[in-house]
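Heads up, the thing below is written out as structure tokens.
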Amino acid sequence: MEFECQVSTQVSKNLAASVENSFQQQTESNRFNSNPEAENFSISGRTLDSYLEKEETSIPKSTPIKKPNLESCGSKQLLCSDVLVNSRRTITDLPPALLSEILNCLDPKELGIASCVSAYLCKVATEHHVWKDFYCERWGNPTLPTPLGTGVSDETLWKEFFVEREFRSKTFMGRYSIGVMYGHAEAVQTVFLLASAKLIFTAGYDQTVKMWKMEEGLLIASSRSLGCTIRAVAGDTKLLVAGGTDGFIQCWRAVEGFPHLFDIKGPQNQNTEFRLWEHEGPITSLALDLTRIYSGSWDMTVRVWDRFSLKCVKILRHSDWVWELVPWDLTVASASGSDVYIWDASSGRLMTIIHNAHVGNTYSLARNLTGDFLFSGGDDGAIHMYEITSHGHKTDALLVAKWVPHSGRVYSLAFEFPWLVSASADGKLSLIDVRKLLRTRKRASEKGFSCIKHADPSTVEPPQRMLHGFAKNLVSVDIGADRIVCGGEEGVVRIWDFTEALEIERRVCASRAMRLENRMRRRMLHLENSNKASRNDQCSVAAKKNPVTGDRSGWLSKGALSGKLKS
């Protein structure tokens, strides 16, 4: 974007004219100067002020100087003074559009620092539209909680949203409580957390899908037996899908007015419940977006379904069993055998393959909201991070980080910025913070550079936290709403609740602010008492010097004494 700044252009022209005038004056003075030092004099200052100071100090007083004609140089002296005034400008004098573009290049931390410079920059930075971009690229697009007409701009709300969410993301390093939910008769194969509705869905070998309250951990409803093991569950506020080993996709539509969205407990209703058949093997993974349903199976295919017509529109064929898939925008990544595939879901074109991503099978995948990077876990207990870049029709996947936190297979991955959570056969969970690996998105995307700080993948920091204490396999994990949900061969579902850490951190911040305020009050009170005491001391000293008249000034007595001496 181009910006026109007439004042800055005029300053540049005035500056050029004044410098040319200075050279002309120096040349004329050298013609009438017999001192060799004056002849070799040159401009070395960076500004006109330093140049004028050096000119006055470098020329000897005895050297005759030709004074310029005031009539011919009057206009040029005005230009020079105009340059000196206009050159002392600050960033706040820039056009608002140009200042907005400058702030648009900063990351959240730098933008917060800029807002502390002045009240004007604080207002501009707080109401800048970039806060919405920061929030949406990390956590998606939520609904603003404050209704319109409250007098608070949307931009200010987005900054408050971002600060609150960033604060909450730090609680996963704090204190937590574990809740255990009993209800499954056999091993749990999949868990799904629908944070927007505060619901948890689980399924496994007992051939049922169960729905739980996220906050209380109470069982709400359990479906009838579906006739086979359920290995995958996915959903949103409109549709819930479950995949069975018999090759069907069980679907429930949300019921309007129903307190918990889906009526999975009631008898079969053709208006709200149906099945999709086309897979020839067990379904191992499911995912949804606004217009499609994605399903992966051991029949070595990924099928793309239209949510409205409920028909399969694309079949993506692989060379081995499909273990996991993650869609993003118009693409879908899938794990088949030891390889990772990235497809164009609209055309069915294979965009790229990551060969031998892991030693053995690749069981789990996760992807961020912007699709810039992809995580994978496999048989070797390792977790890999890939950067996905596209240049026209060419797509590349570059390994940028590698962790080996587990001694068993990594069966499941879940990502919510900035935390990557993994569940493994060794009965452990690992939490990895990816913030230190990322560049500022604005700088990376606008300049065409990588959005990830490339380094040796083997030298990255280890996981920031490990959760222990489980002897059997952990098969599935999900994260959201300050909670981590996990299930495995024990047949129970565990919830790690970090809301306690959030409340503790809020109380600590409030206590810290109160202590700071009290400290400032005590300091102000101490300064006031000190000033009063000093004034009282001065009054007492003055009274002692002149106890008869009570005169507090010793100058009168000194003046009278000096007058007597003179007389």
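Below, the figures for the structure above:
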{"item": "Only one of Arg512, Arg523, Arg507, Arg494 that is farther than 29 Å from Ser412 by Cβ, more than 23 Å from the chain's Cα centre (by Cα) and at pLDDT 85 or above", "result": "Arg523"}
{"item": "Conditions (1) over 21 Å from Ser476 (Cβ atoms); (2) open to solvent by 20 Å² or more (accessible area, probe 1.4 Å); number of the one not met by Leu218", "result": "(1)"}
{"item": "Verdict on Thr229 being open to solvent by 10 Å² or more (accessible area, probe 1.4 Å), touching a Phe, Trp or Tyr at 6+ places or on another chain (Cβ under 6 Å) and among the β-branched types (Val, Ile, Thr)", "result": "yes"}
{"item": "Given (1) surrounded by 19 or more Cβ atoms within 10 Å (Cβ to Cβ); (2) within 18 Å of Ile293 (Cβ to Cβ); (3) in contact (Cβ under 8 Å) with a residue 24 or more places away in the chain; (4) among the hydrophobic types (A, V, I, L, M, F, W, C), number of the condition Trp252 does not satisfy", "result": "(3)"}
{"item": "Scan of region 190-222 for residues that are closer than 17 Å to Thr499 by Cα and without any contact (Cβ under 8 Å) to a residue 40 or more places away in the chain, ordered by number", "result": "Lys213, Glu215, Glu216"}
{"item": "Members of region 324-343 that are touching a strand residue (DSSP E or B) at 6+ places or on another chain (Cβ under 6 Å) and open to solvent by 60 Å² or more (accessible area, probe 1.4 Å)", "result": "Trp328"}
{"item": "Matching residues in region 260-275 - criterion: being under 9 Å from Ala221 (Cα atoms) and open to solvent by 90 Å² or more (accessible area, probe 1.4 Å)", "result": "Lys265"}
{"item": "Matching residues, region 85-96, being open to solvent by 50 Å² or more (accessible area, probe 1.4 Å), at pLDDT 75 or above and either within 20 Å of Lys159 (Cα to Cα) or not aliphatic (A, V, I, L, M) (or both)", "result": "Asp93, Pro96"}
{"item": "Hits in region 178-205 (condition: surrounded by fewer than 20 Cβ atoms within 10 Å (Cβ to Cβ) and under 24 Å from Phe248 (Cβ atoms))", "result": "Gly183, Ala185, Glu186, Ala187, Tyr205"}
{"item": "Within region 103-149, tally of residues that are open to solvent by less than 70 Å² (accessible area, probe 1.4 Å), at pLDDT below 75 and polar (S, T, N, Q)", "result": "1"}
{"item": "Qualifying residue in region 219-228 (condition: at positive phi and either of a type in the set (Phe, Trp, Tyr) or assigned by the TED database to the domain that holds Asp482 (or both))", "result": "yes"}
{"item": "Count of residues meeting criterion [in a loop (DSSP other than H, G, I, E, B) and buried (at least 23 other Cβ atoms within 10 Å of the Cβ)] in region 358-395", "result": "1"}
{"item": "Some residue of region 228-251 being of a type in the set (A, V, I, L, M) and in a loop (DSSP other than H, G, I, E, B)", "result": "no"}
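The values are calculated or read from the model by the stated rules, or taken from the named source; none is laboratory data. The structure displayed is predicted, hence computed values, not measured ones. Note that we place each Cβ from the backbone using ideal geometry, even for glycine, and neighbour counts take in every protein chain shown. Accessible surface is based on the protein model in full, side chains and every heavy atom, while ligands, DNA and RNA are left aside. Shrake-Rupley method; radii C 1.70, N 1.55, O 1.52, S 1.80 Å.
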